[in-house]
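S.K.: My structure is below; once you've seen it, I'll send some questions.
None of the figures in this text is laboratory data; all of them are computed from the coordinates on show. Note that the structure is a prediction, hence the values are computed from the model and not measured. Counting neighbours? That spans all protein chains shown, and the Cβs are built from the backbone with ideal geometry, glycine included.
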Amino acid sequence: MKGWKKVTTAGLVTMMAVTMVGCSSNNTADNNKSTDTGSKDEKVKLVFARGKDTTAASNHIVEEFNKTHPNIQVELREMPSDTGQSHDQYVTMFSAKSSEIDVFDLDVIWPAEFAQAGYLLPLDRFIQQDSINMNDYIQGAVQAGNFNGQQWTMPKFIDTGLLFYRTDLVKEVPKTWDDLIAQAKATKGQGGTQFGYLMQAKQYEGLVCNFVEFAAAYGGKILDDKGQVVINNPGTVKGLKKMIEVVKSDFVPSNITTFTETESATAFQEGQSAFIRNWPYQFAAANDTKQSKIAGKVALAPLPAGDAGSAATLGGWLSGINKNSKHPKEAWEFLKYLTGKEGQKITAVDGGSAPTLLPEYDDADVQKASPLFANKDFVNGISKAVPRPTSPQYPKISDIMQIEISKAIAGQETAEEAVQNMDAKMKEVVK
C-alpha cells in the first residue's frame with residue numbers, strides 16, 4: 001500500500017502515504033459534465049465497493065451523487081477493513097468475470113497487478129472525451145494508476161503515516177523514536193490511559209507500512225530504482241530491531257499483533273493512549289465529539305526520526321471500474337464525481353483524507369477540516385513520502401514481508417534472520 005522528510009514551515013511537518021484522486025472537467029475540477037447517464041426513462045443501478053469507512057464520507061458522496069443523477073443510483077458495498085482480505089475477495093470476483101461490482105477502490109499498490117490480470121477498464125478514452133486535466137492532480141497519485149502507458153485508475157485520496165498525540169498529556173513532541181519510547185513509557189497510565197503508543201502490527205498490509213517507516217528512518221531500503229532486491233542492509237536490520245522493541249514493549253497493548261487501523265483508532269479515540277501512528281483521517285475522527293472522548297485534545301506531527309531522519313509510508317486509495325461492468329459509461333460518471341471536485345471535498349471534510357486534486361487545498365472548508373490541508377509545505381512534501389516496492393509482483397513481496405516481520409516480532413527469528421530470509425525469498429520472486 002506506501003524517505004518522507006520534514007516539510008514544515010511552522011512546526012507542522014508532514015508526511016504522506018499515497019493514494020490519490022480524481023477527475024475534473026474543462027481544466028478545472030468541475031465534474032458536472034456528463035458522458036452518458038443512460039436513458040431518461042430508466043434508472044441504472046451501480047454498486048460501489050470500498051473498505052470499511054469509519055467516517056461519514058462514503059455515504060455522503062453516494063447520497064449527493066444519487067440526488068444529482070436521478071437516472072443513476074449507486075449502492076455502497078462495504079469490503080473488509082483488512083486490505084489483504086479485500087484484495088483477495090476482489091481477485092476471486094474479477095477472475096470469475098463477475099459484474100456485481102461496478103466501481104471500486106484500490107490500494108495504491110494494486111493497479112499494476114489488476115491491470116495485468118484484466119480486472120480494470122482503461123480510462124484514457126473517458127479522460128480525453130471529458131477533457132480532464134490530469135495536471136490538476138498530484139502527479140505521484142496519477143502515476144500510481146498508470147501501467148504500460150495507460151491510465152487504469154483515478155486517484156481518490158493520498159495518505160501518509162503520521163503521529164497523533166494527546167495535547168493534554170504531551171508537552172513536547174518526540175523528535176526521535178527513542179524520544180517516543182521514553183514518552184510512551186512516561187505517559188502510560190496518565191489521564192485514564194492504559195497504553196503509551198498504538199500502531200498497526202497485525203499480519204496484513206498495515207504491518208508492511210509500519211515496517212517501511214522504521215526501515216527508511218534508519219536508512220534501510222527494499223528495492224532499488226531498477227527493481228532489484230536490496231533489503232539486506234544494516235539500515236533495514238536496525239529499523240526492524242527498533243520496531244520489534246516498540247511492539248514487544250509494555251506500553252502497547254499485549255494483543256497489538258491483532259490491531260489494524262480500526263482497532264488502533266478506536267482505542268485512541270476512547271482515550272486509551274497518548275500516542276498513535278495512523279493515517280491523516282485520524283485527525284478528523286479523533287476531534288469529532290460524536291465518536292471521540294478526546295475531541296479538542298488531539299494534534300499531529302511527523303513520525304519520529306531514526307538515524308536517517310523521519311520517514312512515512314506513501315499510501316492512499318485509487319478508484320477504478322470493473323472491466324466486466326454492464327454499465328461502463330454510467331460507472332465513469334460516478335467515478336468522475338467520486339474522484340473529482342465534489343467527491344474529494346466530501347472526502348476531505350467528512351473523512352479527513354488528503355485530496356489529490358490540488359485546487360481543493362485552496363477551499364476554505366477543506367482547510368478548516370485539518371491543519372494539514374492549509375499547510376503548503378504538506379502539499380509540497382507529498383512527493384517525498386517513502387513508497388512501498390513498486391512491482392507487478394508486489395502481493396508476493398508483501399506476503400513475504402508480512403510473514404517474516406511477524407516471525408521476528410514473535411521472537412521466532414532474529415531481525416537479521418528475518419531480513420536475510422526476506423532478501424532470499426524476494427529475489428526468487430523478482431528474478
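S.K.: Let me know the shape class of the stretch 310-431, please: from the alpha-carbon gyration tensor, a ≥ b ≥ c as square roots of the eigenvalues, rounded when a/c is under 1.5, otherwise prolate if a/b is greater than b/c, or oblate. Can you show the working numbers first?
M.R.: Details: a/c = 3.06, a/b = 1.61, b/c = 1.90.
It is oblate, given that a/c is not under 1.5 and a/b is not larger than b/c.
S.K.: Against the empirical 2.2 N^0.38 Å scaling, what ratio does the C-alpha Rg of the chain come to?
M.R.: Normalised Cα radius of gyration, the chain: 0.95.
S.K.: State the answer as a single residue: which of Pro80, Asn255, Ala112 lies farthest towards the positive end of the charge dipole of the chain, with beta carbon charges of +1 for Lys and Arg and -1 for Asp and Glu, about the Cα centre.
M.R.: Toward the positive end, the furthest listed residue is Asn255.
S.K.: Counting other Cβ atoms within 10 Å of each Cβ, which trypsin sites (Lys or Arg not before Pro) in the stretch 61-166 have at most 11 and sit in a DSSP loop?
M.R.: Those satisfying the criteria are Lys97.
S.K.: Let me ask something additional. Assigning unit charges at the beta carbon (Lys, Arg +1; Asp, Glu -1) and nothing else, what dipole magnitude in debye, to the nearest 20, does the stretch 162-310 show about its Cα centre?
M.R.: 200 debye
S.K.: In whole angstrom, note down how far apart the Cα centers of the stretch 321-372 and the stretch 122-146 are.
M.R.: 14 Å
S.K.: Quick check: convex hull over the Cα atoms of the stretch 162-310, volume per residue in Å³, rounded to an integer?
M.R.: Measuring per residue, one finds 103 Å³ for the Cα hull of the stretch 162-310.
S.K.: Stretched out fully, how many nm does the piece from Lys52 to Glu270 gain, at 0.36 nm a residue minus the Cα gap?
M.R.: The Lys52-Glu270 span can extend by a further 76.6 nm.
S.K.: In the stretch 57-149, which GluC sites (Glu not before Pro) are in a loop and have at most 16 other Cβ atoms within 10 Å, using DSSP for the loop call? Intermediate values should be presented prior to the final figure.
M.R.: Details: sites: Glu63, Glu64, Glu75, Glu78, Glu100, Glu113; in loops: Glu100.
Those that pass, being in a loop and sparsely packed, are Glu100.
S.K.: Could the peptides 331-337, 168-174 be put in order, highest first, of the mean number of other beta-carbon atoms found within 10 Å of their residues?
M.R.: 331-337, 168-174
S.K.: I've got another one for you. Hey, with R₀ at 45 Å, roughly what FRET efficiency would Gln139 and Lys185 work out to, going by the Cβ-Cβ distance, to 0.05? Write down the numbers at each step before the final one.
M.R.: Numbers: r = 42 Å, r/R0 = 0.93.
After rounding, the FRET efficiency stands at 0.60.
S.K.: Note the full-extension length gain between Ser254 and Thr167 as 0.36 nm times their separation in residues minus their Cα-Cα distance, in nm to one decimal.
M.R.: Gain on extension, Ser254 to Thr167, equals 28.8 nm.
S.K.: Let me know the charge dipole size of the chain about its Cα centre in debye, to the nearest 20, where only the beta-carbon of Lys, Arg (+1) and Asp, Glu (-1) is charged.
M.R.: Value, rounded to 20: 480 debye.
S.K.: Can you give the charge dipole size of the stretch 39-148 about its Cα centre, rounded to the nearest 20 debye, using +1 on the beta carbon of Lys and Arg and -1 on the beta carbon of Asp and Glu?
M.R.: 200 debye
S.K.: Quick one: what are the phi-derived ³J(HN,Hα) couplings along the stretch 202-218, Karplus 6.51/-1.76/1.60 with θ = phi - 60°, whole Hz, x for glycine and proline?
M.R.: 5, 6, 7, 4, x, 5, 5, 4, 5, 5, 4, 5, 5, 4, 5, 5, 10
S.K.: Another question, if that's okay. Going down the table (Lys221/Lys396; Lys52/Lys329; Lys323/Lys431; Lys226/Lys396), which pairs top 21 Å between alpha carbons? Could the numbers behind the result be given before it?
M.R.: Details: Lys221/Lys396 17 Å; Lys52/Lys329 26 Å; Lys323/Lys431 30 Å; Lys226/Lys396 18 Å.
Table pairs above 21 Å Cα-Cα are Lys52/Lys329; Lys323/Lys431.
S.K.: Right, something else. Let's test this: bin the Cα-Cα distances of the stretch 150-206 at 10 Å from zero up to the farthest pair and state each bin's percent.
M.R.: P(r) over the stretch 150-206, rounded to whole percents: 17, 39, 24, 11, 7, 1.
S.K.: Ok, one more. Take every DSSP beta bridge with both residues inside the chain and express the antiparallel ones as a percent of the total, to the nearest 5.
M.R.: Around 65 percent of the beta bridges assigned by DSSP in the chain are antiparallel ones.
S.K.: Along the positive direction of the dipole of the chain (beta-carbon charges: Lys, Arg +1; Asp, Glu -1; about the Cα centre), which of Ala217, Gln151, Ser391 reaches farthest?
M.R.: About the Cα centre, the residue reaching furthest to the positive side is Ala217.
S.K.: Nearest-5 percent of antiparallel DSSP beta bridges in the stretch 162-310?
M.R.: If we restrict to bridges inside the stretch 162-310, about 75 percent are antiparallel.
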